[in-house]
Amino acid sequence: MSPVVTTLILLIIANVFMTFAWYGHLKLGQTGVSTNWPLIVVILFSWGIALIEYCFQVPANRMGFDGNGGPFSLMQLKVMQEVITLVVFVIFSLIAFEGFTLRWNHYLAMALLIGAVYLVFMK
């Protein structure tokens, strides 16, 4: 598999775990699962998920970084990761949170981020 595809797949997987670490506890709270958990337990639970995220994010950045022989500059890696994060977040939120809706300004913000990806890949 090419380094481009491998990097993208690892970034997507990492961002799925990151989204669950950052926002999954909110859904658990809504469902009553973690309502009575002390904050430290919620933090440790999220850290556990984030550890898995790092197991994908770090290799993605190491193999994708052009300084290590990969195909992407630091800026390209960062901007791609932000767009992937946004896409994963939107999908997660639409599935997990009743009442989550996208408005025109959200679509415009996403378009601007996609424009940022275009700009960082310009020669």
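The values are calculated or read from the model by the stated rules, or taken from the named source; none is laboratory data. Only a predicted model underlies this, so the values are computations on that prediction, with no experimental measurement involved. Note: ideal-geometry Cβ built from the backbone for every residue, glycine included; neighbour counts use all protein chains shown. These area figures cover heavy atoms from the full protein model, side chains too; ligands, DNA and RNA do not enter into them. Shrake-Rupley method; radii C 1.70, N 1.55, O 1.52, S 1.80 Å.
Here are a few things to note about the model shown:
- Apart from one condition, Lys78 fits all of (1) farther than 23 Å from Met1 by Cβ; (2) modelled with pLDDT under 95; the exception is (1).
- Pairs meeting the criteria (first residue in region 1-14 and in contact (Cβ under 8 Å) with a residue 12 or more places away in the chain and polar (S, T, N, Q), second residue outside any helix (DSSP H, G or I) and open to solvent by less than 50 Å² (accessible area, probe 1.4 Å), beta carbons under 8 Å, at least 6 apart or on different chains) are Thr7/Gly70; Thr7/Phe72.
- Any pair with Cβ under 7 angstrom, 6 or more apart, that starts in region 101-123 at a residue that is under 13 Å from Glu82 (Cα atoms) and ends at one that is open to solvent by 80 Å² or more (accessible area, probe 1.4 Å): Val120/Met75
- Close contacts from region 35-49, counting a first residue that is within 14 Å of Met18 (Cβ to Cβ) and a second that is modelled with pLDDT of 95 or more and in a helix (DSSP H, G or I), with Cβ to Cβ under 6 Å and a gap of 6+ residues or different chains, come to Ile49/Phe17.
- Residues within region 61-106 that are surrounded by 12 or more Cβ atoms within 10 Å (Cβ to Cβ), of a type in the set (D, E, K, R) and farther than 18 Å from Phe17 by Cα, tallied: 2
- Checked against the criterion of being surrounded by fewer than 15 Cβ atoms within 10 Å (Cβ to Cβ), within 21 Å of Ile12 (Cα to Cα) and either of a type in the set (A, V, I, L, M) or modelled with pLDDT under 95 (or both), the candidates Val41, Val33, Val58 yield just one match: Val58.
- Residue within region 17-26 that is buried (at least 18 other Cβ atoms within 10 Å of the Cβ), free of Cβ contacts under 8 Å to residues at least 40 places away in the same chain and among the aliphatic types (A, V, I, L, M) present: yes
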